[in-house]
Amino acid sequence: MSKILFVTVGGSHQPIITSIQSLKPDRTIFICSGGSRGSISQVMGQDKPCEDRRGAEVIDRLPNIPTQLQLRNYDPDTDIVLLDNPDDLSVAYQRISAKVQDIQRTALNSEFLADYTGGTKTMSVALATIALDYQMTLHITTATRINLQKVERGERVRRTAVTGLMVQRLLEQELPRFLGQYNYPAAIAELESLLRDTEIVDTTIIEAYLNFAQGLDLWDRFDHTEAWGYLEPFLNNADLRQLLLFLKRVMGSRQAIAAAVDDKFKAEGSIKGHGYEIVQDLLLNAERRALQERYDDAVARLYRALELLEQVRLWREYEIKTGDLDLNKLPEDLRPQYEVRRSERTGKIQISLAQSYELLQSFPDDPLGQLYSRYKEKLKDKQSFRNYSILAHGMNPVTAAQYQDFYAVVGQFMEEALGTLLAGSKFKRVQFPQSIRLSS
């Protein structure tokens, strides 16, 4: 594996010489300041631009750094990052990081090193920050100082300990941003990278956050059983207990409806709630997709929640399966009109979303059927809109305004329906946290 060293260059050539001799890179990228008094002279100057000094006295003059080291692979056209203003942090970060990215695209199997000893404080800060961002091994060339001007002869290159900084940075800055966006794949990728590429003595807290993120990611993809396997250890966390109890009720709700929707789901240790938790789970999922501005996904989930609501209601109250209607469960006077819908191929009677709600209307005391009577025309209009979505039968992406218009009808109906059906229930739905602090 080849080694590529990025090094900041200041007014003294000696730390750079020591760094390159010690680290033995296959290629060195010099980060220099420009101008007549810039450090570029240490790398590009003619004759003998490098000076050895004792205080103000010049005791020796030497060729530029590449010449002194006889760098065979050095190319001044590609191996210098020149900063016109070495005190502009934004420009320094932008130019150095652009060079890192450019080389990383072609040097796929290379190890990237950084030495931030030389140059201005701004140049050092920029390179050190980039080293953390791009997972470069960070070094500093130092020795016992006898003044504040520079590192004297006899310096040594040592690797900078950044593990604690990287852990703190991820947990306190990056992870909260991912959780706030419900972006669990990104959180998982960063946490796994930290565990894989960083020497950490105690990984307990990192693994705790990783298990938590993996659990929520699985739950977000409706893999409830696997999600519980990751999340169960957090039951003792007071801030998460209600969320995890809600997951157990979701699992119980899903298992209760499984036979009606041909779902083979089974959950050991699930707990019983009001029975509509699986519908609430879909609504919360749609809410997360909308926050991410994934409006097509949000509409698809809202529509499925609308369908699932009637499926749960018909099964719980009347033992009716919408995918295989049992006429014996219907009032006798309704049976003839549903018999004619029996499929000659499968022998089953299957009814659509609208037909399912209309069936609920046939039960005069059913509150969901009564509510549907008031929303019927508006819901049919939104069903037509949904059908033209790219995630249904059309090719039209859903805009933010269209989603809000869709939610104003479907979402309102769902909230009013659940409010009516669950009046007096002590069980509440719980959205995923957008921030959390775990302990080791």
Taking the range 74-95, which residues are among the hydrophobic types (A, V, I, L, M, F, W, C) and either surrounded by 17 or more Cβ atoms within 10 Å (Cβ to Cβ) or without any contact (Cβ under 8 Å) to a residue 24 or more places away in the chain (or both)? I80, V81, L82, L83, V91, A92
Given the structure, is A208 in contact (Cβ under 8 Å) with a residue 12 or more places away in the chain, surrounded by 18 or more Cβ atoms within 10 Å (Cβ to Cβ) and over 30 Å from V312 (Cβ atoms)? no
I'm trying to understand the selection: among the residues of the range 229-253, which are open to solvent by 10 Å² or more (accessible area, probe 1.4 Å), touching a Leu at 6+ places or on another chain (Cβ under 8 Å) and within 21 Å of G180 (Cα to Cα)? Y230, F234, N237, R241
Check every one of the helices (runs of 4 or more DSSP H) wholly within the range 34-150 and list those with 1 or more residues that are small (G, A, S). 40-44, 89-106, 121-133
Helices (runs of 4 or more DSSP H) (entirely within the range 258-355) containing at least 2 residues that are over 25 Å from K378 (Cβ atoms) and over 41 Å from the mean Cα position of the chain (by Cα): 335-339
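For every residue, the table says whether it meets (1) touching a residue at least 12 places away in the same chain (Cβ under 8 Å); (2) under 16 Å from D220 (Cβ atoms); (3) in contact with a Ser or Thr (Cβ under 6 Å, 6 or more places away or on another chain).
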{"position": "L244", "(1), (2), (3)": "yes, yes, no"}
{"position": "R249", "(1), (2), (3)": "yes, no, no"}
{"position": "G269", "(1), (2), (3)": "yes, no, no"}
{"position": "I278", "(1), (2), (3)": "yes, yes, yes"}
{"position": "L283", "(1), (2), (3)": "yes, yes, no"}
Can you name the helices (runs of 4 or more DSSP H) wholly within the range 167-222 that have at least 2 residues being among the charged types (D, E, K, R)? 184-197, 204-220
Determine, yes or no, whether A98 is at pLDDT 95 or above, buried (at least 16 other Cβ atoms within 10 Å of the Cβ) and either touching a Ser or Thr at 6+ places or on another chain (Cβ under 9 Å) or of a type outside the set (F, W, Y) (or both). no
Looking at the range 49-65, is at least one residue open to solvent by 10 Å² or more (accessible area, probe 1.4 Å), modelled with pLDDT of 90 or more and touching a Gly at 6+ places or on another chain (Cβ under 8 Å)? yes
Out of (1) open to solvent by less than 50 Å² (accessible area, probe 1.4 Å); (2) assigned to a helix (DSSP H, G or I), what's the single condition that is false for I31? (2)
With the structure loaded, tell me whether R294 is of a type in the set (K, R), without any contact (Cβ under 8 Å) to a residue 12 or more places away in the chain and open to solvent by 20 Å² or more (accessible area, probe 1.4 Å) or whether it fails that test. yes
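The values are calculated or read from the model by the stated rules, or taken from the named source; none is laboratory data. Remember, it's a predicted structure, so these values are computed and weren't measured experimentally. Positions of Cβ are backbone-derived with ideal geometry, glycine not excepted, and every protein chain shown enters the neighbour counts. These area figures cover heavy atoms from the full protein model, side chains too; ligands, DNA and RNA do not enter into them. Shrake-Rupley method; radii C 1.70, N 1.55, O 1.52, S 1.80 Å.
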